[in-house]
Amino acid sequence: MKTWLTSGGIRIIRILSGRSNVFLVTNGTKNILVDTGLSIEWRLLRLRLNKLTVYHIDCLILTHSHFDHAGNAARIRKAFRTPVIIHGNEAHFLKSGTSPVPDGTVTYSKAIIKMLSGISSSIGKYRSCRHDILVESRYELGNFGIDAYILHTPGHTAGSVSIVINDEIAIVGDTMFGIFPGSVFPPFAEDPRQLINSWGQLLDTGCSLFLPSHGSANTRELVQKEYHKRR
Ligand SMILES: [Zn+2]
Ligand SMILES: [Zn+2]
């Protein structure tokens, strides 16, 4: 499992990868889980947590309510009695266990969305989940024993958030992608202009590395280049 370590001693472990990344943020005593992967990955997620001897989770943060991120939220909440944190704009989707399809941003993703919209207005149902804490523009995680905060970074969806850890590394959900060489632009976004503004917000932090939910880490230099190109 790929791991990053901040100078403040916070470890970020990518416990699931492939389809969607799931991250564990830990200082050795306190554990924060970011996203939960697809419903079908539940067994694997539990196995990985067991392997890391994680028997308690202080909170679960959902970067947004899409099925490939919130698929196991209800199960984590129940199994670990973990409070679930999500942005106010996403809570009703989490409760309904489905969220609307965002628009495609490039030709091929537009074609996919067009095809999907003929089938259904929403993709990927999952077990509905109640939230415990709602985030607005910013939420400090000091209460959970970790020097980090949640930042509202809308654009992919209206309630997408990122987690800024030690002002060094940010987990950014689908606000950026890490799949396409030389680009961080996600193929799906509800509001591309807002999305690019959110990159600006993330660049205003001291972070040098941005960990997306799909693919590998993006450097500050790449994000800067993309921001200036697309702004
Ligand atoms: Zn998404
Ligand atoms: Zn996603």
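Observations on the structure shown:
- Out of Phe188, Phe144, sole residue that is closer than 21 Å to Leu62 by Cβ, modelled with pLDDT under 95, buried (at least 16 other Cβ atoms within 10 Å of the Cβ) and within 15 Å of ligand 2 (Cβ to nearest atom): Phe188
- Annotation note: Cβ proximity below 6 Å between a residue of the stretch 16-45 that is acidic (Asp, Glu) and a residue that is part of a helix (DSSP H, G or I) (sequence gap 6+ or interchain) occurs for Asp35/His69.
- Single condition Ala74 does not satisfy, out of (1) under 25 Å from Glu136 (Cβ atoms); (2) buried (at least 21 other Cβ atoms within 10 Å of the Cβ): (2)
- Residues of the stretch 13-45 classified as touching a helix residue (DSSP H, G or I) at 6+ places or on another chain (Cβ under 8 Å), part of a loop (DSSP other than H, G, I, E, B) and crowded, with 20+ Cβ neighbours inside 10 Å, total: 5
- Options Ile112, Ile57; residue that is within 16 Å of ligand 2 (Cβ to nearest atom) and either out of contact with any Cys (no Cβ under 6 Å at 6 or more places or on another chain) or assigned to a helix (DSSP H, G or I) (or both): Ile112
- Hey, Phe180 among the aromatic types (Phe, Trp, Tyr) and in contact with an Asp or Glu (Cβ under 9 Å, 6 or more places away or on another chain) or not: no
- Flag if Ile163 is under 25 Å from Arg75 (Cβ atoms), within 16 Å of ligand 1 (Cβ to nearest atom), at pLDDT 95 or above and not in a loop (DSSP other than H, G, I, E, B): yes
- Within the stretch 46-63, considering residues that are buried (at least 17 other Cβ atoms within 10 Å of the Cβ) and touching a helix residue (DSSP H, G or I) at 6+ places or on another chain (Cβ under 8 Å), the one farthest from Ile133 (Cα to Cα): Ile57
The values are calculated or read from the model by the stated rules, or taken from the named source; none is laboratory data. Fair warning: this is a prediction, and the values are worked out from it, not measured in the lab. We place every Cβ from the backbone using ideal geometry, glycine too, and count neighbours over all the protein chains shown.
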